[in-house]
Amino acid sequence: MNPGIRVDSRHRWRGRRRAARAFAGGLAISLCLLGSVGPALAEGTERSADEDANPEELKRRVEELERLVAEQQEALRKLEAQSTSPPPAVPPPMTLVSSASGKNYLNLSLDALVAGGASTEPDVPTLKPGGHDPAQRGFTVQNIETVLDGAVDPYFRGQANIILFITSDGETRVELEEAFATTSSLPHNLQVKAGQYFTEFGRLNPMHPHTWDFVDQPLANGRMFGPDGLRSAGARISWLVPTPFYSEAYLSVQNGHGETLTSFGSVAGETVFGRPIEDRPVRSLDDLLYAPRYAASFDLTGSQTMLVGASAAYGPNGAGQEGHTRIHGVDAFWKWKPPRANRGFPFVKVQGEWMTRSYHASATPALSADTFDDHGAYGQVMWGFRPMWTAGVRYDTVGGDAGDDPLDPAHERRNRASANLTWFPTEYSKIRLQVDLDERTVSSDARSVWLQLEFLLGAHAAHKL
């Protein structure tokens, strides 16, 4: 519901009640006056021989006034009964508006991703490193996302993303993926975000699974950021640079340890590049994660848009008390859409990212200090060839140092080619068919096919096709 409409309606009904009460009060006062002066008027009339008035006529007039007052009081009772309920309206689905302020509202939605398929690789999680990728042969509940978002007040907006998914052994997991507030009225084109959120690194990392163009995340993102993506608690400031084209700079400062920071603090007891991970509590500012990013967008022609970006992430890792990690990346996005597109179609989108990681492990009693370098990249093309139909291809590659365990599948050189076809019955559902060809150096090659269904309930922004 539009908050302004609801507030205006509330004020309108309150005004009517006040007017009705004032009118009834005036009538009641008139009745009392008539009751007190009526006999005097009748008596005075009787004593007035000049006017020759009829007392019965005066009594009839008083009774007529009393009847009119009774009718007005009955009309007032009906108006009061109607005003106890808000005026009829048709609000947007699942939108809740605070009765205290028209500025405060909540959108509530649920988005479900379910996939089914088969692969020549029986251990699908080694093939699909993403936490919301298909996890097994047969069926996978990839992601059930509940989103709460809205305006807190004139100064902040809030959003929370609560995720449920089912593991390959049937266990239901719950994640607080994001919960943050962003400012909405800072001067000088500044904005601050605070809470738990995805780090703005590249194009794909900040995106939720239902907005991906493919069934799974690229290999490079899984290698650099782990199954859950790069996210943590912290604060981010951004500045919309006053240039003739879109230009924005970001700086995020977040906790540098936890299970969603695979390349950084990670979790004690795990291994990265064959090195055991130790607990790395925050002792100083050097133990936090710093992630700068810059993005710019240009309209090349009336039908073509180009966006380029550069990102970095610097922070500690758990491979010794002096371990640290640096990740750098560049990304590009190009889109063509004719000015007279029909519901956004046809279009062509080309997107790619390249990342490199330098992982420094400090010396331990058993191992000497060392630095491991690896890289990853993907490129994809999406073609919206007719309304609500898209086709796409993607190529992924990862490689580099394997660390102290060259046979570790988590750091093997890999390539993958994927093709898909997607039908959007509406912007609130989709059916996607995808075929993958995986080449691996340590494990055997694999062929896979997946069919994915998405459906959306509630008030949620439409997909970006």
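The values are calculated or read from the model by the stated rules, or taken from the named source; none is laboratory data. What you see is a predicted model, and the numbers here were worked out from it, not measured in a lab. Neighbour counts are summed over all protein chains in view; Cβ atoms, including those assigned to glycine, are modelled from backbone coordinates with ideal geometry.
Against the condition over 30 Å from L421 (Cβ atoms), of a type outside the set (D, E) and either outside any loop (DSSP other than H, G, I, E, B) or in contact with a helix residue (DSSP H, G or I) (Cβ under 6 Å, 6 or more places away or on another chain) (or both), how does V267 come out, does it pass? In short, no. Among the residues of region 445-453, are any assigned by TED's automatic domain parsing to the domain that holds R203, modelled with pLDDT under 95 and either in contact with a Ser or Thr (Cβ under 7 Å, 6 or more places away or on another chain) or aliphatic (A, V, I, L, M) (or both)? Checking region 445-453: not a single residue is assigned by TED's automatic domain parsing to the domain that holds R203, modelled with pLDDT under 95 and either in contact with a Ser or Thr (Cβ under 7 Å, 6 or more places away or on another chain) or aliphatic (A, V, I, L, M) (or both).
I need a count of the residues in region 235-267 that are over 13 Å from P292 (Cβ atoms), modelled with pLDDT of 95 or more and under 19 Å from the mean Cα position of the chain (by Cα). Total meeting the criteria: 1. Selection over region 425-461 of residues that are of a type in the set (A, V, I, L, M, F, W, C), part of a loop (DSSP other than H, G, I, E, B) and either touching a residue at least 60 places away in the same chain (Cβ under 8 Å) or buried (at least 19 other Cβ atoms within 10 Å of the Cβ) (or both) gives a count of 1. From the list R280, R293, the lone residue that is in a strand (DSSP E or B) and of a type in the set (K, R) is R293. When the strands (runs of 3 or more DSSP E) confined to region 105-183 are screened for residues that are buried (at least 17 other Cβ atoms within 10 Å of the Cβ) and among the hydroxyl-bearing types (S, T, Y), those reaching at least 3 such residues are found at 105-119. Just one of the numbered conditions (1) under 30 Å from A410 (Cα atoms); (2) without any contact (Cβ under 8 Å) to a residue 60 or more places away in the chain; (3) not small (G, A, S) is not true of L367: (2).
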